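The structure appears right after this line, and notes come after that.
The values are calculated or read from the model by the stated rules, or taken from the named source; none is laboratory data. A quick note: this is a predicted structure, and the numbers were derived from the prediction, not measured. FYI the Cβ positions are ideal-geometry reconstructions off the backbone, even for glycines, and counts take in every protein chain you see. To get the accessible areas, we keep the full protein, side chains included, count just its heavy atoms, and leave off ligands, DNA and RNA. Shrake-Rupley method; radii C 1.70, N 1.55, O 1.52, S 1.80 Å.
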Amino acid sequence: MKLGVNIDHVATLRQARYAGVPTAAVPEPSVPEAARAAMTGGADSITLHVREDRRHMQDADAHAVRREIPLPLNLEMGATPSMLDFARALHPDFVCLVPERRQEVTTEGGLDVASRAAELEKLVASLTSSGCRVSMFIDPDIVQVESSAAIGAPMVELHTGRFADTAGAERTAELRRLVCAAQRAHELGLEVHAGHGIRVSALPLLAQVPHLSELNIGHTLIARAMFIGLAAAVREMRAAVDRAFPPA
Ligand code: PXP
């Protein structure tokens with residue numbers, strides 16, 4: 001099981017103090033330093049979401065991580081022409097297409113691939129021809145899985161937010177949706193990832209979802225890092241992931 005570490009919150013903290021401040025001082029915390037710490041802790045890839053409103057990651061952060069960190073880079077981005085230009089200049093290894101709304105605190109739902117199929121098909125083709133492997137961040141919904149395969153995306157990332165934030169029967173139902181979506185994605189030849197709201201405590205249940213090959217985790221790692229440091233937080237998560245999904 002691969003572990004992708006999302007370090008957006010490192011930029012959120014930096015922006016809280018330094019947004020709009022001319023870079024006379026060294027703005028901290030440093031995004032590449034965070035990526036390096038995640039790598040030390042056992043991350044398999046680094047994920048950054050460069051949002052249209054640039055509320056946390058800035059263009060320069062993404063380029064610095066690309067230049068300085070020898071791990072695969074996964075760029076999360078909205079499906080827009082300007083972000084396509086940005087991705088082409090950055091050359092990330094992976095692009096995860098996400099829905100974006102300015103008012104949201106974090107990515108709230110999955111991308112509606114079914115209703116934007118023609119537009120997204122072109123975007124996936126452009127990104128693929130520029131050397132990126134593309135995943136679609138979707139709700140665990142069969143229609144969205146089938147639409148993702150139909151437009152030529154090689155990977156999907158199943159949104160685990162609802163699974164993470166519910167309990168009891170609702171959580172069981174959401175787990176069932178994740179299992180069915182993962183099964184269908186695998187049948188269609190898609191690589192299956194999962195992300196959003198995943199914490200250590202959710203891993204044993206999440207391990208019931210078949211065919212997962214990568215988890216993308218951010219918030220809980222940065223929160224834990226405040227007390228034990230980022231490399232240690234990633235190391236702890238790496239060990240928990242390996243316990244829940246024992247290496248073959
Ligand atoms: N995957 C995607 C597509 C996301 O948008 C996010 C949040 O930025 C994550 C994974 C990580 O979620 P969390 O920060 O809740 O672990």
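Screening the candidates 66, 101, 88, 54 for the property of being at positive phi and out of contact with any His (no Cβ under 6 Å at 6 or more places or on another chain) yields one hit, 54.
Of the residues contained in segment 112-132, none is found to be closer than 23 Å to residue 154 by Cα, in a strand (DSSP E or B) and open to solvent by 10 Å² or more (accessible area, probe 1.4 Å).
Number of residues in segment 150-172 that are away from the ligand (no atom under 14 Å from the Cβ) and either assigned to a helix (DSSP H, G or I) or of a type outside the set (S, T, N, Q) (or both) equals 10. The numbered conditions (1) in a helix (DSSP H, G or I); (2) within 15 Å of the chain's Cα centre (by Cα); (3) small (Gly, Ala, Ser) are all true for residue 109 except (1). Taken over segment 98-157, the criterion of being over 17 Å from residue 192 (Cα atoms) and of a type in the set (A, V, I, L, M) is satisfied by 105, 114, 117, 118, 120, 123, 125, 127. Annotation note: Cβ proximity below 6 Å between a residue of segment 156-177 that is open to solvent by 50 Å² or more (accessible area, probe 1.4 Å) and a residue that is in a helix (DSSP H, G or I) and not small (Gly, Ala, Ser) (sequence gap 6+ or interchain) occurs for 162/174. If you go through segment 77-106 and keep only what is touching a Pro at 6+ places or on another chain (Cβ under 9 Å), part of a loop (DSSP other than H, G, I, E, B) and not acidic (Asp, Glu), you end up with 79, 92. Residue count for segment 37-64 under the criterion of being touching a residue at least 40 places away in the same chain (Cβ under 8 Å), surrounded by 15 or more Cβ atoms within 10 Å (Cβ to Cβ) and assigned to a helix (DSSP H, G or I): the result is 3. Going through segment 208-248 one residue at a time, which ones are among the β-branched types (Val, Ile, Thr) and either under 21 Å from residue 75 (Cα atoms) or open to solvent by less than 20 Å² (accessible area, probe 1.4 Å) (or both)? Those that are among the β-branched types (Val, Ile, Thr) and either under 21 Å from residue 75 (Cα atoms) or open to solvent by less than 20 Å² (accessible area, probe 1.4 Å) (or both): 209, 217, 220, 222, 234, 241.
Residue-wise test of (1) assigned to a helix (DSSP H, G or I); (2) within 22 Å of residue 96 (Cα to Cα); (3) more than 12 Å from the ligand (Cβ to nearest atom).
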{"site": "185", "(1), (2), (3)": "yes, yes, yes"}
{"site": "193", "(1), (2), (3)": "no, yes, no"}
{"site": "201", "(1), (2), (3)": "yes, no, yes"}
{"site": "205", "(1), (2), (3)": "yes, no, yes"}
{"site": "210", "(1), (2), (3)": "no, yes, yes"}
{"site": "223", "(1), (2), (3)": "yes, no, no"}
{"site": "227", "(1), (2), (3)": "yes, no, yes"}
{"site": "238", "(1), (2), (3)": "yes, yes, yes"}
{"site": "242", "(1), (2), (3)": "yes, no, yes"}
